[in-house]
Amino acid sequence: MKVLIVGSGGREHAIAYKVSQSAQVDKIYCAPGNAGIAELAECVDIKAMEFDRLVAFAKEKKIDLTIIGMDDPLVGGIVDVFEAEGLRVFGPRKNAAIIEGSKAFSKDLMKKYSIPSAEYRNFDDPEEAIKYLETASMPIVLKADGLALGKGVLICNSLEEAKEGVKKIMLDKQFGSAGNKMVIEEFMTGREVSVLLFCDGTNIKAMTSAQDHKRAKDGDKGLNTGGMGNFSPSPFYTDEIREFCEEKIYKPTMAAMKAEGRPFTGVLFVGLMLTEKGPKVLEYNARFGDPEAQVVLPRMKNDIIDVINACIDGKLDEIDLQFEDNACVCVILASDGYPVAYEKGFKITGLENFKGKDGYYVFHAGSKFDGEGNIVTNGGRVLGVTAKGATLKEARANAYAAVDLINFDNKYYRHDIGKAIDEAPAASHG
Ligand code: AMP
Ligand code: GLY
């Protein structure tokens, strides 16, 4: 069969890798893809928001299955457009992708169906928001309602900062129309865990857990980024917590979406905070996480095509989803200056060390060919250097050893990805 993947990041590279492992797949295309994905797929120069061109391409090439990796096209309704043309596609429809596309929607959903999350209020008037802040206790969290590249969340320690935040989001429109509405939310503390769920509209199958590192600098300092690295599984996501989440969060979320006439088919990303009062939802995303996909998919035993087909056909209950009993760590190599300003176009060396090397994966995010046969940097997050190990500690050592062998000018990375592993209870995995 022929598969088309829509997107161009490390997540799409990890999806392409997993799809390439399926004996059912003869040919993979990726739109638009990147220099790393080009090793596994034929990259086509069509952007993720060019729905008409993507549909025309899928028809012309007789694509059997299209997998949407990114949030923008999902929230924009790409799945509805493909379905209307009779094309087989994996991802939530527009009326379900809203669970990521509008934080106000997701907060109201959780409240209505008693799914544990932070206390909140939604606002569409900045003056009302400021009036509310004057009575609220600090720190407090402000969130632009819409998509903002993972950057639309402001954690404010003082009333002054919070008022400034309302101005940034709602008046200066720093995140564009995403800031037409906003959520003001209680500040929670605890460890964060990401769990991805395969969903068929009714049933869910939870994947193994992962822990992201969102801040740019060591010690969780600096600005929020799309993610600087992560590890899987999380030793803090115990069986007890997993069972709680299955019963009180995952299944109720699926049932809630169905009851609202918005059945969710695709991958639902649940960002959790393990608070003293139990796990609570930080956010939902309507797709695989990036870089969560990079540490979760290499550990998945199933043929991903079987699982995706089961999701689309409403037969997920027939799938026995299994993961390897090992660990995986991903360290993001970024361009110095990310997530603000950085230079691009530097030659990347050392990639050949990992071609076909068992247990190592270099997933490309911002890379391209320079026209002279070199691969050069082409973004803030450049590569996700990923390694497996029997334990989390071994995987971390392998990933950092690999990081040393790959070089480019202005290479920047965090040195403490997976440091939390050292604080894990001795009995836990890893
Ligand atoms: P989100 O995009 O909603 O996941 O937010 C990005 C990051 O902001 C999360 O990964 C958390 O680190 C932080 N965050 C979001 N909401 C809260 C909250 N209510 N309390 C504390 N931290 C939060
Ligand atoms: N790693 C967080 C995200 O994919 O949004």
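The values are calculated or read from the model by the stated rules, or taken from the named source; none is laboratory data. These numbers come from a predicted model, not from an experiment. Quick reminder, even Gly has a Cβ in these numbers, built from the backbone with ideal geometry, and neighbours come from all protein chains shown.
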Task: Residues located in segment 198-236, provided they are more than 19 Å from residue 290 (Cβ to Cβ) and touching a residue at least 24 places away in the same chain (Cβ under 8 Å) - done: 200, 201, 202, 203, 204, 205, 217, 218, 219, 235, 236
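From 396, 414, which residue is more than 17 Å from residue 35 (Cβ to Cβ), touching a helix residue (DSSP H, G or I) at 6+ places or on another chain (Cβ under 7 Å) and assigned to a helix (DSSP H, G or I)?
Numbers: 414 fails: assigned to a helix (DSSP H, G or I).
Checking each option against the conditions leaves just 396.
Identify, please: which residue in segment 171-198 is β-branched (Val, Ile, Thr) and away from ligand 2 (no atom under 16 Å from the Cβ) and is, among those, nearest to residue 243 (Cα to Cα)?
Within segment 171-198, the match that is nearest to residue 243 (Cα to Cα) is 189.
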Task: strands (runs of 3 or more DSSP E) (entirely within segment 219-294) containing at least 2 residues that are at pLDDT below 95 and either within 16 Å of ligand 2 (Cβ to nearest atom) or closer than 22 Å to residue 201 by Cβ (or both) - done: 221-224
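So which residues in segment 166-197 are free of Cβ contacts under 8 Å to residues at least 60 places away in the same chain and within 25 Å of residue 92 (Cα to Cα), if there are any at all? Steps first, answer last, please.
Of the residues in segment 166-197, the ones free of Cβ contacts under 8 Å to residues at least 60 places away in the same chain are 166-180.
Within segment 166-197, 175, 176, 177, 178, 179, 180 meet the criteria.
Quick grid of which residues meet (1) over 30 Å from residue 244 (Cα atoms); (2) within 16 Å of ligand 1 (Cβ to nearest atom); (3) among the basic types (Lys, Arg); (4) not in a helix (DSSP H, G or I):
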position	(1), (2), (3), (4)
59	yes, no, yes, no
99	no, yes, no, no
143	no, yes, yes, yes
147	no, yes, no, yes
150	no, yes, no, yes
155	no, yes, no, yes
160	yes, no, no, no
164	yes, no, no, no
- [ ] Considering only residues that are under 19 Å from residue 208 (Cα atoms) and of a type outside the set (A, V, I, L, M), look in segment 253-269 and name the one that is farthest from the chain's Cα centre (by Cα).
- [x] 253
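For the subset of segment 295-310 comprising residues that are closer than 16 Å to residue 385 by Cα and hydrophobic (A, V, I, L, M, F, W, C), which member is farthest from ligand 2 (Cβ to nearest atom)?
Start the filter on segment 295-310 by keeping residues that are closer than 16 Å to residue 385 by Cα, which leaves 295-299.
Right, trim to hydrophobic (A, V, I, L, M, F, W, C) and you get 295-297.
Details: 295: 11, 296: 11, 297: 13 Å.
Per the stated criteria, the residue is 297.
If you scan segment 333-371, which residues turn out to be assigned to a loop (DSSP other than H, G, I, E, B) and of a type in the set (D, E, K, R)? Give the derivation first.
Residues of segment 333-371 assigned to a loop (DSSP other than H, G, I, E, B): 336-346, 348, 350, 355-359, 365-366, 370-371.
336, 343, 344, 355, 357, 358, 370, listed by residue number.
Looking at 112, 94, 103, which one is closer than 26 Å to residue 281 by Cα, in contact with an Asp or Glu (Cβ under 9 Å, 6 or more places away or on another chain), within 16 Å of ligand 2 (Cβ to nearest atom) and not polar (S, T, N, Q)?
Unique residue meeting the criteria: 103.
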